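This is the structure I have questions about; it appears just below.
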Amino acid sequence: EEGPDFNYQTVYPSALAVPLGLPKRVQKEYLAAMTARRGSPNAYGVLMGRVLETVCKDRKAKGKMLGQQISNLADRKLIPPQLATVAFRLNSLRVFGAHAAVGNLTSKEAPLLESLTRAILEYVYSAPHLVRQAEKALLGLKKRKGRKRPPKPPEATYGMD
């Protein structure tokens with residue numbers, strides 16, 4: 001006898017959407033942080049800080065402290081000034097989560113931590129990844145049509161490599 005003629009679909013909790021183009025080590029830290037999201041807000045803040053540290057390491061940022069590394073990324077124009085400010089705010093929240101003497105994070109800050117982190121990851125990794133995919137798709141289309149290469153876009157100011 002056959003089973004029912006319909007498929008089940010899980011709607012909650014929704015699947016985790018990982019930003020595109022992340023290097024494996026950044027993705028590993030991001031997933032570790034996201035699994036802690038519904039637990040301790042302080043632990044979540046610390047783990048999101050680790051994601052930022054891993055991004056800085058991946059981009060070979062110079063400096064002993066995370067703030068110095070963020071400044072180095074901005075000085076090297078790998079992130080724009082506005083994104084450096086986002087990274088500094090994320091780092092400040094991480095400090096609250098890591099040091100009991102400074103204070104505590106609450107579940108109210110969790111969405112902000114996630115948004116700040118995603119903004120950084122999407123700029124540094126996802127946007128360049130999507131540009132590369134679009135270029136490949138355009139080249140494929142042009143080759144099929146027998147046309148020349150698409151015109152080059154203007155040079156990016158920050159982060160596109």
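The values are calculated or read from the model by the stated rules, or taken from the named source; none is laboratory data. Nothing here was measured: the structure is a model prediction, and the numbers come from that model. Don't worry about glycine lacking a Cβ; one is built from the backbone with ideal geometry, like all the others, and counts go over all protein chains shown. When the accessible area is computed, the model is the full protein with side chains, heavy atoms only, and any ligands, DNA or RNA have been set aside. Shrake-Rupley method; radii C 1.70, N 1.55, O 1.52, S 1.80 Å.
Suppose the filter is touching a helix residue (DSSP H, G or I) at 6+ places or on another chain (Cβ under 9 Å) and part of a helix (DSSP H, G or I); does residue 61 pass it?
So residue 61 fails the test.
Out of the range 47-74, which residues are open to solvent by 50 Å² or more (accessible area, probe 1.4 Å) and either among the aliphatic types (A, V, I, L, M) or on the phi > 0 side of the Ramachandran plot (or both)?
Answer for the range 47-74, where residues must be open to solvent by 50 Å² or more (accessible area, probe 1.4 Å) and either among the aliphatic types (A, V, I, L, M) or on the phi > 0 side of the Ramachandran plot (or both): 60, 65.
Just to be sure I understand, how many residues within the range 75-95 are surrounded by fewer than 21 Cβ atoms within 10 Å (Cβ to Cβ), of a type in the set (Lys, Arg) and more than 19 Å from residue 128 (Cα to Cα)?
Number of matching residues: 1.
Kindly check whether there is at least one residue in the range 1-19 that is closer than 16 Å to residue 123 by Cα, at pLDDT below 95 and surrounded by 12 or more Cβ atoms within 10 Å (Cβ to Cβ).
Yes, that holds for at least one residue.
May I ask you to verify whether residue 93 is of a type in the set (A, V, I, L, M, F, W, C), within 18 Å of residue 36 (Cα to Cα), outside any helix (DSSP H, G or I) and at pLDDT below 95?
So residue 93 does not fit the description; no.
Between residues in the range 83-100 that are farther than 15 Å from residue 72 by Cβ and residues that are of a type in the set (D, E, K, R) and open to solvent by less than 60 Å² (accessible area, probe 1.4 Å), which pairs lie under 9 Å by C-beta distance while being six or more apart or on different chains?
Cβ pairs passing all conditions: 93/109; 96/109; 97/109.
Here is a follow-up. Can you confirm whether residue 43 is part of a helix (DSSP H, G or I), open to solvent by 20 Å² or more (accessible area, probe 1.4 Å) and free of Cβ contacts under 8 Å to residues at least 24 places away in the same chain?
Against the criterion (part of a helix (DSSP H, G or I), open to solvent by 20 Å² or more (accessible area, probe 1.4 Å) and free of Cβ contacts under 8 Å to residues at least 24 places away in the same chain), residue 43 does not qualify.
Let me ask something additional. Just name the residue that is surrounded by the most Cβ atoms within 10 Å (Cβ to Cβ) out of those in the range 96-138 that are of a type in the set (A, V, I, L, M, F, W, C) and not in a helix (DSSP H, G or I).
The residue in question is 105.
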